[in-house]
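Data first, discussion second: the structure below is written as structure tokens.
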Amino acid sequence: MEAPTLNNVQGLIARGYKNLPAACYLLLEITQTDKAKAWLQQLVVQSAANKPDQSCMNLALTYEGCKQLRLSPQLLAQFSREFQEGMSGTPHRQRILGDHGDSAPEQWQWGGPYKTRVHLLLMLFAANNTVLKTLQNTESKKLKKHGLNILEPTLLSTALEGGKEHFGFQDGIAQPWVEHLRPARDHMNTQPENTIETGEILLGYPNQYGQFTERPLLGEEADEQNFLPNDLSGSRRKDFGRDGSYLVFRQLNQNVKLFWNYMNEQTDKQGDKDPYAMTELASKMMGRWPSGTPLVNAPRQDEPTLKPKDDAFNYIHDTKGLACPLGAHIRRANPRGSFGTSTETHLTIQEAFEVEKRHRIIRRGRPFGKPLASSLTPQGLLKAKEDQINRGLYFICFNANINRQFEFLQQAWINSKKFQGGYDEADPIIGDHKETTGNQNTEHSSSFSIPDCPVRRKVHKLPRFVTVQGGEYFFMPSIGAIRYLGHSS
Ligand code: HEM
């Protein structure tokens, strides 16, 4: 099967741009379609063919945006149902994502049913804040001239020291490996169990089932200028989706004070006066130590001699979760063979890895907001005064099938209280801990078990540390598809 043409793929799908730590995301509304099309014709976005140097941009669209750009009804109807309905489009979707109470779309700062419709997402990346500001100013002028309204809020990210997120843990480590998307580097886990088919991320290529995920195709006559590649599945049509990917964006608030107070109180209550105990509890919940070292490699304490970024590990020798609890955030988000060791599933380890490969995502999120304590250490964060500053993570991920990948992950693994034999445990870091009965959300919160010898430890009444403040499903088109959008009438 043909490999993707990297200069047709937008760069963010292939790279996290770690050399460009400054970033902001502009939410745009199209007020004049013809002018917006003219803007698209000259827009220069970064491709995956090479690494950007000082700054770059990438673009994604919502379903409403595709409509505003006058894509034909036949083409629109071929996008996935989730994308058409939007992140907050139906009560069913809100339920599976756990978006209720403080996280309900009615409360969101953007996206959601009661806010102005977002049409486009322009993502700006730069080597530092000065370069970012210059880029933002230049682009904003062009946007205004082309009838593109910049909506509130401007989503400005904050690069935290050492690549950490706001709770103080190293982030941005594990990713699935997609051959052909970029050259392999030493720190990347290219083992077969971490390698997924191109079609799991990019549309227009075979996925883990050996099939092509549904995507918009059109007759050759509709693309006279030949901007779009051919459909590789042999339909003799043009492929609007090929080399593109669905982008999930969620603005997640992190309550850092609540997080470390909870860890402190729980370890105090259990008679543990050792200040390291709260770090251990939080790490058991995360599945990695603050340095990034996986618990499965260092179950008792962080071990600086280990390579912190080591990602080539699995859980097949930790069947009971004695090293990394079964319900830890990273073990839920990527079970790395855990189901092959479970008596419930009857899967071999190999089969388990194959199943998991159907639910992987590429993460490209970045933090926002000033850190609660600049040290970002557990003690520093615990001792810092509450400051009411809004901080968290712009969670961003790519997948070819939102329903089978992101939504499945969120519903069946992260928010499931029954995950791996549990009965009242959701993801301790990001989980939705409330019970949903019909349309009612009761106040019941979940617990978290830490398997140990001779007896397991358990903490109760987990509060929700992470709430949703905005979000939308986007499509990141190929570079050819951007040109098509610009030139089609
Ligand atoms: C504020 C919210 C979140 C925080 C603080 C957080 C934090 C982390 C951290 C510290 C890691 C380990 C470092 C790494 O491998 O990059 C991680 C891994 C991961 N997270 Fe999250 N995360 C959040 C939200 C989410 C969401 C919403 C999802 C998906 C629905 C998710 C999916 C993953 C996945 C797939 C991994 C990699 C697991 C692995 O392969 O080992 N995370 N997260």
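The values are calculated or read from the model by the stated rules, or taken from the named source; none is laboratory data. These numbers come from a predicted model, not from an experiment. Cβ coordinates were reconstructed from backbone atoms using ideal geometry, including for glycine residues, and neighbour counts include every protein chain displayed.
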- Note on the structure: When residue 73 is run through (1) touching a Leu at 6+ places or on another chain (Cβ under 7 Å); (2) without any contact (Cβ under 8 Å) to a residue 40 or more places away in the chain, the failure sits at (1)
- Would you say residue 394 is surrounded by fewer than 20 Cβ atoms within 10 Å (Cβ to Cβ), outside the structural domain of residue 109 (by TED's automatic domain parsing) and not charged (D, E, K, R)? no
- Message: Criterion first (touching a Pro at 6+ places or on another chain (Cβ under 9 Å) and on the phi > 0 side of the Ramachandran plot) does residue 204 satisfy it?
- Response: yes
- Item | Residues of segment 120-142 classified as over 12 Å from residue 156 (Cβ atoms) and either part of a helix (DSSP H, G or I) or free of Cβ contacts under 8 Å to residues at least 60 places away in the same chain (or both), total | 10
- Message: Can you tell me how many residues within segment 284-299 are more than 19 Å from residue 175 (Cα to Cα) and either near the ligand (Cβ under 10 Å from one of its atoms) or touching a helix residue (DSSP H, G or I) at 6+ places or on another chain (Cβ under 8 Å) (or both)?
- Response: 1
- Note on the structure: Filtering strands (runs of 3 or more DSSP E) wholly in segment 343-456 for at least 2 residues that are in contact with a Ser or Thr (Cβ under 9 Å, 6 or more places away or on another chain) gives 366-368, 392-399, 435-437
- Task: Please identify the pairs in which a residue from segment 389-416 that is within 17 Å of residue 214 (Cβ to Cβ) has its Cβ atom under 6 Å from the Cβ atom of a residue that is of a type in the set (Asp, Glu), counting only partners at least 6 apart or on another chain.
- Result: 400/200; 402/82; 403/82
- Message: I'd like the full set of residues that are away from the ligand (no atom under 14 Å from the Cβ) and not in a loop (DSSP other than H, G, I, E, B), limited to segment 310-342.
- Response: 339, 340, 341
- Query: Here are 73, 91, 21, 4: which of them is over 21 Å from the mean Cα position of the chain (by Cα) and surrounded by 16 or more Cβ atoms within 10 Å (Cβ to Cβ)?
  - Reply: 4
- Filter segment 252-289 down to residues that are among the small types (Gly, Ala, Ser) and surrounded by fewer than 21 Cβ atoms within 10 Å (Cβ to Cβ), then give me how many there are. 2
- Item | Restricting segment 205-230 to residues that are free of Cβ contacts under 8 Å to residues at least 60 places away in the same chain and closer than 17 Å to residue 477 by Cα, the residue that is farthest from the chain's Cα centre (by Cα) | 226
- closer than 30 Å to residue 432 by Cα, free of Cβ contacts under 8 Å to residues at least 60 places away in the same chain and either in the same structural domain as residue 38 (by TED's automatic domain parsing) or surrounded by 16 or more Cβ atoms within 10 Å (Cβ to Cβ) (or both), is that true of residue 104? yes
- For residues that are out of contact with any helix residue (DSSP H, G or I) (no Cβ under 9 Å at 6 or more places or on another chain) and in a helix (DSSP H, G or I), scanning just segment 157-193, find the one that is nearest to residue 18 (Cα to Cα). 163
- Task: Please enumerate the residues belonging to segment 107-124 that are crowded, with 20+ Cβ neighbours inside 10 Å and modelled with pLDDT of 90 or more.
- Result: 108, 111, 118, 119, 120, 121, 122, 123, 124
- Message: Going residue by residue through segment 446-458, is there one that turns out to be within 13 Å of the ligand (Cβ to nearest atom), under 27 Å from the mean Cα position of the chain (by Cα) and either of a type outside the set (Val, Ile, Thr) or not assigned by TED's automatic domain parsing to the domain that holds residue 122 (or both)?
- Response: no
- Which one of the conditions (1) away from the ligand (no atom under 16 Å from the Cβ); (2) closer than 25 Å to residue 51 by Cα; (3) charged (D, E, K, R); (4) exposed (fewer than 15 other Cβ atoms within 10 Å of the Cβ) does residue 214 fail to meet, given that it meets all the rest? (2)
- Note on the structure: Only one of (1) surrounded by fewer than 23 Cβ atoms within 10 Å (Cβ to Cβ); (2) at negative phi; (3) more than 24 Å from the chain's Cα centre (by Cα) does not apply to residue 194, and that is (3)
